Structure formats: C-alpha cells, structure tokens
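Visitor: Structure in structure tokens, see below.
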Amino acid sequence: MSTMSMTTRILTAACAAAASLALAASVPLPAHADEAVYRAAVDADGVQRVAIVGGSYFFRPKHVIVKANVPVELTVTQEPGMIPHSFEINAPQAGIAVHTELSTTPRTLRFTPTEPGRFAYYCTHRLLFFKSHRERGMEGVLEVEASP
C-alpha cells in the first residue's frame with residue numbers, strides 16, 4: 001500500500017471519528033441519564049416512563065427502579081456512532097420480554113412487570129472472536145419493587 005493511500009485512510013477515519021463526536025455532543029440526554037440509579041415515578045396517567053441511552057459499551061442510567069403491576073414505557077435510543085447495538089430484557093417470568101435494535105431514533109417499549117426482582121438489560125451483539133458488548137460493560141439492571 002502506498003504512503004498516499006495509507007494517509008488518505010487515516011485522514012478519512014479521523015474525519016469520521018470527529019463527525020461522530022460532534023453528533024454525539026448534539027444529542028440531548030434524558031434528564032435522569034447521569035443518575036446512578038433512576039427511580040421511575042408514576043405519571044398522572046398511571047404509567048412509569050423511563051428513557052435509557054446506549055452507546056459505546058454503556059447504558060445510561062445503569063440502574064432503573066420501577067413498581068410491579070404498573071405499566072412501563074421504556075424509551076431507548078443510541079448515541080450516534082458506527083457500532084450497532086441492541087437492547088434486551090429477557091424475563092418472561094416477570095412479564096418482561098423485550099428486544100429491539102438501537103437507533104438514534106427513539107423507540108418505545110411497553111410492558112407491565114408482574115413480579116418483583118432484579119433483571120438485566122443488555123446489548124446482545126458480539127463480534128466473532130471478541131467479547132460480547134454485554135461482557136464489555138453494556139449492561140444495566142431493571143429493579144422491580146413490589147407494589148404497596
């Protein structure tokens with residue numbers, strides 16, 4: 001490979017990375033995104049609403065608390081970037097079985113948790129011969145508390 005084509009590839013990659021960072025800086029985060037633990041309130045219409053943002057091997061917030069037997073609207077989105085991610089909670093025993101590919105366009109998942117407990121949410125993606133995104137830290141906890 002010539003020095004010129006190598007330089008062109010490096011400059012192209014650097015420009016793409018800079019563009020991704022600029023876009024990521026312009027995406028508004030939900031008000032609770034930086035909190036270590038987010039406790040969902042029950043809105044006037046009886047629904048618990050939560051927004052989760054995924055990105056380069058993370059979810060924010062990493063710990064969400066909701067009440068059992070109260071509907072949940074979970075809006076998930078991805079920060080701009082080159083790596084695709086997904087969002088999954090696989091807890092059918094608690095009435096929660098959701099999966100979606102993440103996008104910069106928000107997606108709303110609806111469910112009503114039926115049992116208290118702690119359930120992992122995570123990215124299901126993995127590249128051959130590498131750790132899964134979940135193993136790289138793209139995991140959080142949905143904690144369902146018993147209703148009073």
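Visitor: Condition check: at pLDDT below 95, open to solvent by 20 Å² or more (accessible area, probe 1.4 Å) and in contact with a strand residue (DSSP E or B) (Cβ under 7 Å, 6 or more places away or on another chain). Does Pro30 satisfy that?
Guide: yes
Visitor: Among the residues of the range 78-123, what is the count of those that are open to solvent by 60 Å² or more (accessible area, probe 1.4 Å), touching a helix residue (DSSP H, G or I) at 6+ places or on another chain (Cβ under 8 Å) and part of a strand (DSSP E or B)?
Guide: 0
Visitor: Return the pairs, sorted by first residue and then second, in which the second residue is open to solvent by less than 30 Å² (accessible area, probe 1.4 Å) and in a strand (DSSP E or B), the first residue lies in the range 43-59 and is touching a residue at least 60 places away in the same chain (Cβ under 8 Å) and closer than 12 Å to Leu109 by Cα, the beta carbons are less than 8 Å apart, and the residues are 6+ apart or on different chains.
Guide: Note: pairs meeting the criteria are Ile52/Phe59; Ile52/Val64; Ile52/Leu74; Ile52/Val76; Ile52/Thr77; Ile52/Phe87; Ile52/Tyr121; Ile52/Gly140.
Visitor: Now for a different question. Tell me whether the range 131-141 contains one or more residues that are more than 12 Å from the chain's Cα centre (by Cα), acidic (Asp, Glu) and closer than 17 Å to Arg60 by Cβ.
Guide: No, the range 131-141 contains no residue that is more than 12 Å from the chain's Cα centre (by Cα), acidic (Asp, Glu) and closer than 17 Å to Arg60 by Cβ.
Visitor: Select from the range 47-72 the residues that are open to solvent by 50 Å² or more (accessible area, probe 1.4 Å), farther than 15 Å from Val144 by Cβ and either in contact with a Lys or Arg (Cβ under 6 Å, 6 or more places away or on another chain) or modelled with pLDDT of 95 or more (or both) and list them in ascending order.
Guide: Taking the range 47-72 and keeping what is open to solvent by 50 Å² or more (accessible area, probe 1.4 Å), we get 49, 56, 60, 62, 67, 69, 71.
Adding the requirement that they be farther than 15 Å from Val144 by Cβ leaves 49, 56, 60, 62.
Residues satisfying the conditions are Arg49, Arg60, Lys62.
Visitor: Still on this structure, please answer the following. Can Thr75 be described as of a type in the set (S, T, N, Q), at pLDDT 95 or above and outside any loop (DSSP other than H, G, I, E, B)? Talk me through it step by step, then tell me what you get.
Guide: Working: of a type in the set (S, T, N, Q): yes; at pLDDT 95 or above: yes; outside any loop (DSSP other than H, G, I, E, B): yes.
The answer is yes for Thr75.
The values are calculated or read from the model by the stated rules, or taken from the named source; none is laboratory data. Owing to the predicted nature of the structure, the values given are computational and were not obtained by experimental measurement. Ideal geometry is used to build each Cβ from the backbone, glycine not excepted, and the neighbour counts take in all protein chains shown. The protein model used for the area step is the full one, side chains on, heavy atoms only, and it has no ligands, DNA or RNA in it. Shrake-Rupley method; radii C 1.70, N 1.55, O 1.52, S 1.80 Å.
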